[in-house]
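The values are calculated or read from the model by the stated rules, or taken from the named source; none is laboratory data. Computed from a predicted structure; not experimentally measured. Here the Cβ positions follow ideal geometry from the backbone for every residue, glycine too, while neighbour counts run over all protein chains shown. Accessible surface areas use protein heavy atoms only, side chains included; no ligands, DNA or RNA. Shrake-Rupley method; radii C 1.70, N 1.55, O 1.52, S 1.80 Å.
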2 protein chains.
Amino acid sequence: MKTLVSRCPIEEVMQVLGGRWPSLLIYYLKDGTRRFSDLRRDNPTISHRMLTLELRKLMDAGIVRRTEFEGYPLRVEYDLTDAGQELVPLIDALGDWWEKTESWCADRQREMATAGLAVT
Amino acid sequence: MKTLVSRCPIEEVMQVLGGRWPSLLIYYLKDGTRRFSDLRRDNPTISHRMLTLELRKLMDAGIVRRTEFEGYPLRVEYDLTDAGQELVPLIDALGDWWEKTESWCADRQREMATAGLAVT
DNA sequence: CTGTATCCATCCCGATACTG
DNA sequence: CAGTATCGGGATGGATACAG
């Protein structure tokens, strides 16, 4: 299911949530079920290949559930598992923290600019 | 300071905290000040180069503070900023979530094994 | 001790084409 | 529509040597 040999849970969970796509996909799934092609439209810049790989990773981590419907054309739906739902507020908290810190950084930059320093 | 053009704070914060080292470094810094060489000892597998790069990234994100002391040999101390301290419980929560999920996965694996399925 | 620069192997990821 | 396979360019990261 997963072959990480780390003893640190943080290190492990970051292997799954780190990177550009996992958190975004979780966000698009948090309000309900989405199909493969929906997710492609949601994130126009993700490649077909990466979407499948990222979804598989999230499935292996028990965050995303895949449901396949018989018929033609083939139809597959993705949604968050219960564990995945629990994850949403935790990721949210990180986002909030970041926004707060960003504004703090912006303030600092403004101060420094006022003090006559270059702000690259 | 940072040149991300993403509109999603989650995506941005994951750029900083994602990957193998950031969360680990934060953990080693959360209990107090550490020197460069201390952090190398803490994480024997991180390369000299990566340690400097990761520390710089955390500094740019306003998470880590660097203090340089005059004298010979040069001495530098790192610790968490206030924003960095606030981050610790949030990362903790992710770690806890992961451990809970992991045990759930382990249970599932055991069930499947009992059912006679191979567990890679 | 701390940090930088260079070189080089590796891996990630996008593009593309193909299968069910 | 959903997913897999293959290839190649580019980013990533380790080793090493050097500088302050």
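Within the stretch A:43-78, can you find the residues that are more than 22 Å from A:Glu12 (Cα to Cα) and surrounded by 15 or more Cβ atoms within 10 Å (Cβ to Cβ)?
A:Asn43, A:Ile46, A:Glu77, A:Tyr78
Identify all residues within the stretch B:69-102 that are among the small types (Gly, Ala, Ser) and within 16 Å of DNA strand C (Cβ to nearest atom); write none if there are none.
Within the stretch B:69-102, just B:Gly71 meets the criteria.
Go through the residues of the stretch A:25-35 one by one and say whether even a single one is within 12 Å of another protein chain (Cβ to nearest Cβ) and within 15 Å of DNA strand C (Cβ to nearest atom).
Yes, because at least one residue in the stretch A:25-35 is within 12 Å of another protein chain (Cβ to nearest Cβ) and within 15 Å of DNA strand C (Cβ to nearest atom).
Being more than 12 Å from DNA strand C (Cβ to nearest atom), of a type in the set (Ser, Thr, Tyr) and at pLDDT below 95, is that true of even one residue in the stretch B:106-120?
yes
If you scan the stretch A:54-77, which residues turn out to be near DNA strand D (Cβ under 8 Å from one of its atoms) and within 14 Å of A:Leu24 (Cα to Cα)?
Listed by number, the list holds a single entry, A:Leu55.
Is it fair to say B:Leu39 is within 12 Å of chain A (Cβ to nearest Cβ) and either touching a Lys or Arg at 6+ places or on another chain (Cβ under 6 Å) or modelled with pLDDT of 95 or more (or both)? If you could, list the steps in order and put the result at the bottom.
Values: within 12 Å of chain A (Cβ to nearest Cβ): no; either touching a Lys or Arg at 6+ places or on another chain (Cβ under 6 Å) or modelled with pLDDT of 95 or more (or both): yes.
No.
In the stretch A:12-42, what count of residues is obtained for those that are in a loop (DSSP other than H, G, I, E, B) and open to solvent by less than 50 Å² (accessible area, probe 1.4 Å)?
Going through the stretch A:12-42, the residues in a loop (DSSP other than H, G, I, E, B) turn out to be A:18-21, A:30-33.
Next cut, open to solvent by less than 50 Å² (accessible area, probe 1.4 Å) only: A:18-19, A:21, A:32.
Of the residues in the stretch A:12-42, 4 are in a loop (DSSP other than H, G, I, E, B) and open to solvent by less than 50 Å² (accessible area, probe 1.4 Å).
Would you mind telling me which numbered condition in (1) touching a helix residue (DSSP H, G or I) at 6+ places or on another chain (Cβ under 6 Å); (2) modelled with pLDDT of 95 or more A:Met50 fails?
Result: A:Met50 fails condition (1) only.
Might you let me know whether the stretch A:13-22 holds any residue that is closer than 22 Å to B:Val13 by Cβ and near DNA strand D (Cβ under 9 Å from one of its atoms)?
no
I need the full set of residues from the stretch B:42-68 which are aliphatic (A, V, I, L, M), within 14 Å of chain A (Cβ to nearest Cβ) and either near DNA strand C (Cβ under 9 Å from one of its atoms) or free of Cβ contacts under 8 Å to residues at least 12 places away in the same chain (or both), in order please.
The answer is B:Met59, and nothing else.
Restricting attention to the stretch B:79-89, which residues are in a helix (DSSP H, G or I) and surrounded by fewer than 18 Cβ atoms within 10 Å (Cβ to Cβ)?
Correct list: B:Asp82, B:Gln85, B:Glu86, B:Val88, B:Pro89.
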